[in-house]
């Protein structure tokens, strides 16, 4: 399935239920944050990084929830997701040139 086909499934689900009327940018941004917090719960009180540990399926469900709300917010803002990502990655490439940032976790103003 392509990304656009996935987006269309999300949009059709919303249309079928007439939920667009409830999807304000504020409420969608809140929902993204709440779902991200639910994803973080899988890492809370763990030692080191959790690479699944039997929680992979639950993590993927939370990730899907986040992405669904991101699609809704992009639609509401009239944004084309691939264009927005491409523009952001171009900015990131300027802030984090390969020759300075490769293998470093330093923030761009510390490179």
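Values in this text are rule-based calculations from the coordinates and carry no lab data. These numbers come from a predicted model, not from an experiment. Reconstructed Cβ throughout: ideal geometry from the backbone, glycine too, with neighbour counts over all protein chains shown.
Using the rule -39500 (n - 2.57) for each DSSP H run of four or more residues, divided by the residues of the chain, the 222 nm mean residue ellipticity is -21500 deg cm²/dmol.
Placing a pseudo-label 7 Å from each Cα along the Cα-to-Cβ vector at residue 33 and residue 89 gives an inter-label distance of 2.9 nm.
Of the labelled figures [x] 12, 30, 33, 22, 3; [y] 15, 53, 31, 1; [z] 13, 38, 35, 12, 1, only one reflects P(r) over Cα pairs in 10 Å bins from 0, in percent as derived from the coordinates, namely [x].
Computed from Cα atoms, the angle from the helix 25-41 axis to the main principal axis of the chain rounds to 60 degrees.
Annotation for residue 57 and residue 80: the two label points, set 7 Å from Cα along the Cα-Cβ direction, are 3.9 nm apart.
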